[in-house]
Structures are given as C-alpha cells and as structure tokens.
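Read the structure below first, then the notes.
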Amino acid sequence: MTAAEVRGILGELIVARDVIEPELGTAALIEAWRAPDDDHIHDFVGATWELEVKTAITPATHFHVSAEGQLEPAATNRMFLAAVELEPASEGTSLSGIVEQMLSRPGATDDLTEALRNAFIRRGAMVRTTGGEAVQQYRVVAVEQFEVRDGFPLLLRKTMPGGVSSLRYQVSFSACKLHKIDRGVLSNAITNQENAQ
C-alpha cells in the first residue's frame with residue numbers, strides 16, 4: 001500500500017471511530033461501511049445519508065475525487081463529505097494503532113470483534129508490510145464536515161456528455177466553505193436515520 005492509501009484508510013477509521021460509531025454503535029458502523037464492497041463508491045451509507053471521507057496532509061488546500069458520482073447520493077439521500085487533515089508527528093494516531101484500539105473496545109462480543117476485523121481486512125487496514133506506513137504517526141489537525149447540496153463544486157453524471165467516463169478531478173476546500181456544517185448536523189442525520197427505521 002502507498003502512503004496515500006494508508007492515510008486514506010486512516011482517515012476513514014478516524015471518522016468511523018469519532019463520528020459514526022458513537023452515534024450508531026459498532027454493528028451498525030460495520031453495516032454502513034460500504035466502499036469498496038459491492039462496487040459502492042461512497043465510504044459510508046445509511047438508509048437516508050451517505051458519507052465520503054477525504055484525507056490530506058496539512059496544509060490541505062484541495063481534495064481528489066476519484067470517480068464521477070463519488071459525491072452524488074442516491075436520489076432521496078443526503079450526501080456529506082468529511083475532510084480529515086493530518087500532520088506527520090512523533091506521537092499521534094497510526095493506522096495500526098487505531099485498528100488495535102477499535103478491536104479492543106471493552107464489552108465488545110467476540111462475534112462483533114471478528115466482524116470488525118473482517119471489515120478491516122477487506123479494506124487493507126490489517127496489512128503489516130507497508131514499509132512502515134502502518135505505524136507512521138499523525139496528528140489530527142482537523143476533521144471538517146460539509147453537506148453536498150445545490151451549489152457544491154462537483155461534476156454531475158447527468159450533465160456529462162456521452163462517452164465521457166472514469167474522470168478524476170480535484171476540488172479546492174475554499175470553494176466548499178459555504179457548505180461547511182457542524183458535526184452535530186451530520187450526527188443528527190445519522191441518528192435520525194436510525195430512529196426512522
């Protein structure tokens with residue numbers, strides 16, 4: 001795995017641990033963690049919300065969108081973006097450290113721990129031979145949330161000319177500032193979905 005891939009998974013796990021798991025619990029977190037299973041293009045998907053996580057090294061000025069549609073939700077869902085900004089540090093959070101922390105939650109059943117371990121394996125988070133990247137420590141500079149709604153800077157599949165596909169592009173964070181939201185807005189969207197089921 002490349003350093004960027006390791007950081008990408010680390011960013012997903014930071015959001016999973018700090019934002020989604022406290023609201024839903026571990027079992028529902030595992031169910032919501034979709035990409036890359038079954039060709040899902042969003043990292044986390046609930047019944048009424050979808051969340052894509054982007055991770056960058058500070059100072060983060062932009063993020064990469066790796067496929068058309070990556071910031072488009074299903075027709076009736078709300079789409080959110082979580083931006084994780086990291087800085088290499090001598091002490092902090094590492095991929096192997098956060099995996100170990102999440103697998104050793106007090107009170108977790110053996111079945112739940114095994115399901116979480118399998119989710120980590122499917123995403124490459126359990127890889128031990130990554131040239132030291134799995135143990136590289138990072139300080140979490142910021143985790144910001146955005147809601148992707150009208151006016152958000154993105155390419156929509158329905159507006160792309162025929163024959164155009166497999167697009168990769170980047171978006172500046174400054175262009176997204178009007179769409180920044182408090183974490184509570186995302187938390188409410190997640191928990192309201194659970195309450196509606």
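General observations
- About the Cα centre, charge dipole magnitude for the chain (Lys/Arg +1, Asp/Glu -1 at Cβ), debye: 480
- Estimated vicinal HN-Hα couplings, Hz - region 76-88 in sequence order (Karplus 6.51, -1.76, 1.60; Gly, Pro = x): 9, 8, 8, 10, 10, 10, 10, 10, 9, 10, 10, 9, x
- For residue 174, the shell of other residues with beta-carbons less than 15 Å away shows a net charge of +1, using +1 for Lys and Arg and -1 for Asp and Glu.
- When region 63-176 is described by a simple charge dipole with +1 on each Lys and Arg Cβ and -1 on each Asp and Glu Cβ, the residue from 145, 77, 88 located farthest towards its positive end is 77.
- Among 185, 66, 159 the positive-end extreme of the charge dipole of region 3-196 (Cβ point charges): 159
- Close amide H pairs (under 5 Å, H built 1.01 Å from N) link residue 141 with 85, 86, 87, residues at least 5 positions away or on another chain.
- ³J(HN,Hα) computed for each position of region 164-174 - Karplus, 6.51 cos²θ - 1.76 cosθ + 1.60, integer Hz, glycine/proline x: 9, 7, 6, 7, 10, 8, 10, 10, 7, 5, 4
- Extending 7 Å from Cα along the Cβ direction at residue 174 and again at residue 108 yields two label points whose distance is 4.1 nm.
- Net charge contributed by nearby residues that have their C-beta within less than 12 Å of residue 84 (K/R +1, D/E -1): -3
- Counting DSSP beta bridges with both ends in the chain, the antiparallel % (nearest 5): 70
- Only Lys, Arg, Asp and Glu carry charge here, each on its Cβ (+1 for the first two, -1 for the last two); on that basis region 1-99 has a dipole of about 160 debye about its Cα centre.
- Taking all pairs of distinct alpha-carbon atoms in the chain, Kirkwood radius in angstrom: 17.5
- Gain on full extension, evaluated as 0.36 nm per residue between residue 191 and residue 165 minus their Cα-Cα distance, stands at 5.9 nm.
- Choice from 141, 84, 53 with maximal GNM fluctuation in the chain (Cα, 10 Å cutoff): 141
- CD proxy at 222 nm, helix term only [per DSSP H run n ≥ 4: -39500 (n - 2.57); per residue of the chain; nearest 500]: -9000 deg cm²/dmol
- Karplus-derived HN-Hα couplings along region 151-161 (A = 6.51, B = -1.76, C = 1.60, θ = phi - 60°), whole Hz, x at Gly and Pro: x, 5, x, 7, 9, 9, 4, 5, 9, 7, x
Values quoted throughout were computed directly from the atomic coordinates according to the rules given, and no laboratory measurement underlies them. In this text, all values refer to a predicted model and were calculated from it rather than measured experimentally. All Cβ positions, glycine included, derive from the backbone under ideal geometry; neighbour counts span all protein chains shown.
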